[in-house]
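Single-structure report; data block below.
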Amino acid sequence: MLGNVVVASEYQERFKVRISDSQTTVKILRAKKADLGKYKLEVINKKLKKIDSVVEVSVYYPPANTVLSVFPNSSEVLGGSVLYEECYTDANPGPHIFLLYFNGNLIRNSSSGEFNVTVDSDGVYTCAPINTVGSGDNASFSVTIVGKPIIASEPKSVTPLVGEATSLRCLAYGSPPLAITWARHGVGNGSELFFPSARFSDRGWYGCVAKNGHGVSFSSLAYLDVTDSASTFITGRVTITNENFDNSLENPASMRYQTIKRHFVEAVGEVFKNDVTFHSTDVTRFENDRKGTVNILFVLAFKEAVLTERKITLLKIAAREGKLGVLDVDPASVMVIRETEEPVLECNFGCRPSRSPESLGIESKERSFEMAREETRRRPPGHEISITGVKKGGMLANPKVADESVAETPETEADTEPINTGIIGYDLALPVSKSSWKVPRENVTVRETIGKGAFSQVARGTVTSLHGASEVTVVAVKMLKENAPASDRKDLLSELDLMQQLKPHPYVIKLLGFVADPLLVLTEYVPFGDLLGYLRKSRGLNDTYYSNPKIPAETTLTADKLMKFAWQIADGMNYLSSKCIIHRDLAARNVLVGENENCKVTDFGMARDVQQDTIYEMKTMGRLPIKWTAYESLCYGTYTTKSDVWSYGIVLYEIFTLGGSPYPGMEGKTVPDWLKLGYRMPKPVHIDDKLYQVMLECWQTEARDRPTFSDLTKKMKKMENQHKRLIHMTKYDQTLYVNVDDLFV
């Protein structure tokens, strides 16, 4: 007998039940996702015995409610950033493939729904999951590229006539919106710099700066060369530096007069040999300049009217490149002589003629150091020492006094200290008086290499019986690289000789001894590496200079610690400057961090990787760390203790930005140009104006206007107690300082 079937009203439309003698069948019409689950059928027979059966129903359906999760979860991303994307969906059976589209184009597929993509343009990412039923809901995520501005069109040099209207244009784009300013002593705003009536005073180098919340970009520089009307004759003057003036050059009939004239005429002819407008050159007379060298006054004749400044510029370039035959011509001396005006000199460090950025410190001939004997104890208080020229590597001791008129000559040999020339000959032995520093080679064991410098390498080592000590002493061992040239040995010997003269100072690296053959310089071992790496490690970045497992992987650097670093370095530099030592390479990479987080100034390159030393731009035969080097050193090859003060200001920037790269976004070779325009790095947003003012004081154009290291030590020590008001680490945005690769530009 068939029993009774009861179906709830809400199921009656789609659930149909059929009963026979042997079975009961339930049929579900138009199955839905909600129908998925377990169903129980209960049957009561005539004997009132309950029989039940449980059946699980699985409903297949396409993907639905798809979600695309992105990390970092921001619609604004830096160009080149990597996004982690994960696609979730509700489907049965689960998707066998996830398709990822960008702006409608298929770019990836994945069985797991996980993607890593590099973002290089604006657009929409769409995830499309598919299962055996088919496709269903998709999910999308839009991204907008943000980052520092990109200079799309550089300004071009122009040569208007006096009174003409002209302009310089600079196009840049970026997101968020940017602002464009022009740099030439701080004038100009907007993408176009307009001159309604060009004047001679407008002449100069101009550059545009594009800035937004993600950084700063700098254009190349363009020259505005205002010229007069065209002429067929150009009168000019040059200075010949390899000839001395004498009476024979006042006599046009003399052989020497005619010889130099012929050399000059032939050299100028070579410069203009491909110029179809050029006719001839004539020398009108020779003059004796104030230095005893020879000025040549000349006339250039052309077949048609030409622009004066353009032709004179060709002579300047030839002089700078040494293409004026046997005559050495000072490029800065090449100038036009006008009937109504004398040559204009720009007063920069001794009223030298104005110089173009091409000559700013990176193309001038290297001059050798002339180390003068001086009695430092007689030097007037506050008197600055200086040197000229460039020497590869190492600090410099007892340089020539800048103003020789104040240098006193000792009356007797007994009044003098031993002379240190700062330069040691290839075969010159170390002074006998310093033999107490000598350590037998067999007492030294060299362990692992911990750093490589531009000219040497440094290893951790141990020394037995160092100066009679009973225990083994851990040291840093500086040695020459394999196949190092003789000049590198000379530099290391010079550095060793200098260190032997220093007394121990808590914030200067200490010499412990040396091995004569092979040459090994032994210094105190400082376990935590260079300050630059220490700062960067505090925000999880790698130390690219120093290799040592004892360095903490990540250290919390508080505002008071940063201030402590600042005054300790100033104190160490104050000691070095008191000993007439000019460092020339003060930077966070050349400061080591020891026990109790004490900083020690060094010049040993322990933290410098030779593979990454492009921070040292070439200057003839030497290298310069351009972004740390003072203005006068870049432009004129002049170094003083105040040049080190400039570098200290850069170190402050490195400290307070936790290892940020100076002049972010700017190529090293363009730094001198921008400095000449008056540009200085802006204030980091998280430091107080008082700290930034100290930096600006260090970056004064005139070296004499900068503070001394004694002043800086006192000032920074006093500020240490005010660190909470001066450094606001809660406002520190490390995304502004992530491009550490700028260091190697």
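Where a number appears in this text, it was derived from the coordinates with a stated rule and is not lab data. Just so we're clear, the structure is a prediction, and the values are computed from it rather than from any experiment. Here the Cβ positions follow ideal geometry from the backbone for every residue, glycine too, while neighbour counts run over all protein chains shown.
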Relative contact order for segment 9-57: what percent, with Cα pairs under 8 Å and sequence separation of 6 or more? 25 percent
Taking the Cβ of each residue in L634, L658 as the centre, tally the other Cβ atoms inside 10 Å and list the residues starting with the fewest. L658, L634
Around S110, with a cut-off of 10 angstrom between Cβ atoms, what is the net charge of the other residues, counting Lys and Arg +1 and Asp and Glu -1? -2
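How much net charge surrounds K481 when only other residues with a Cβ under 10 Å from its Cβ are counted (Lys, Arg +1; Asp, Glu -1)?
The answer is -1.
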Classified through the alpha carbon gyration tensor (a ≥ b ≥ c as square roots of its eigenvalues; rounded if a/c is under 1.5, else prolate when a/b is larger than b/c, else oblate), segment 150-224 comes out prolate
Surrounding net charge for H505, when Lys and Arg each add one and Asp and Glu each subtract one, Cβ distance under 13 Å: +2
Nearest-20 debye value, segment 61-146 charge dipole, Cβ charges on Lys, Arg, Asp, Glu: 160 debye
Karplus-derived 3J(HN,Hα), 6.51/-1.76/1.60, for each residue of segment 86-92, Hz, glycine and proline x: 9, 9, 10, 7, 10, 8, 9
Any idea how far the Cα center of segment 648-684 sits from the one of segment 17-54, in Å? 81 Å
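Loop-only check: which trypsin sites (Lys or Arg not before Pro) in segment 101-190 are DSSP coil with at most 16 other Cβ within 10 angstrom?
Within segment 101-190, the qualifying trypsin sites (Lys or Arg not before Pro) (loop, at most 16 other Cβ atoms within 10 Å) are K156.
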What is the spread of the Cα atoms of segment 447-511 along each of their three principal axes, largest first, in whole Å? 37, 28, 21
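Calculate how many DSSP beta bridges within segment 437-525 are antiparallel, expressed in % of all such bridges and rounded to the nearest 5.
Antiparallel bridges make up about 95 percent of those DSSP assigns within segment 437-525.
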By a straight-distance test (C-alpha under 22 Å), which lysines pair with K33 as possible cross-link partners, with residues fewer than eight away in the same chain excluded? K16
